[in-house]
Amino acid sequence: MFNPVESGAVLATIACAALFVWNLAIPVAQHLHWPKWTALAMTFGVIGAVIAASLIISLRDELRARRMRREQVAMEQRYPQCHVTRLSSGKWFLTDKATGREFRLNRDLP
């Protein structure tokens with residue numbers, strides 16, 4: 001699900017967040033006379049939140065990639081005589097396979 005760089009970044013973020021929360025939660029828990037396990041629970045809560053956020057971001061990226069691929073396949077099926085490319089502006093660029101020239105349409109594509 002993650003590539004090695006993303007995994008390293010997530011682990012580093014978790015470690016930094018856990019250390020920060022741990023160092024902040026212990027004095028707060030002692031000052032407010034909370035049980036000793038409260039600081040540990042807060043730390044694990046932050047770790048869980050970071051992991052959940054990274055999984056949601058990864059899922060969102062995967063869904064976006066699938067949607068873009070589905071749209072590309074639909075365009076390739078609609079115009080089988082053309083090479084289909086999506087431009088950064090979001091418009092489609094069609095090239096005729098036989099001639100290599102730009103395929104002009106009578107109407108603009110989304």
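This table checks each residue for (1) in contact with a Gly (Cβ under 7 Å, 6 or more places away or on another chain); (2) free of Cβ contacts under 8 Å to residues at least 24 places away in the same chain; (3) outside the structural domain of Glu102 (by TED's automatic domain parsing); (4) outside any helix (DSSP H, G or I).
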| site | (1), (2), (3), (4) |
| --- | --- |
| Ala12 | no, yes, yes, no |
| Trp34 | no, yes, yes, yes |
| Thr43 | no, no, yes, no |
| Val46 | no, no, yes, no |
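Inspect the range 72-79 for any residue being loosely packed, with under 10 Cβ neighbours inside 10 Å and either assigned by TED's automatic domain parsing to the domain that holds Arg104 or not hydroxyl-bearing (Ser, Thr, Tyr) (or both) and give the result as yes or no. Walk me through it before giving the result.
Looking only at the range 72-79, we keep the residues that are loosely packed, with under 10 Cβ neighbours inside 10 Å, and these are 77.
Keeping just the survivors that are either assigned by TED's automatic domain parsing to the domain that holds Arg104 or not hydroxyl-bearing (Ser, Thr, Tyr) (or both) gives 77.
The answer is yes; a qualifying residue exists.
What's the total number of residues in the range 32-71 that are loosely packed, with under 12 Cβ neighbours inside 10 Å and under 9 Å from the mean Cα position of the chain (by Cα)?
Matching residues across the range 32-71 total 7.
The values are calculated or read from the model by the stated rules, or taken from the named source; none is laboratory data. Since the structure is predicted, the reported quantities are computational estimates derived from the model, not experimental observations. A quick note on method: Cβ atoms are made from the backbone with ideal geometry, for glycine too, and the neighbour counts reach across all protein chains shown.
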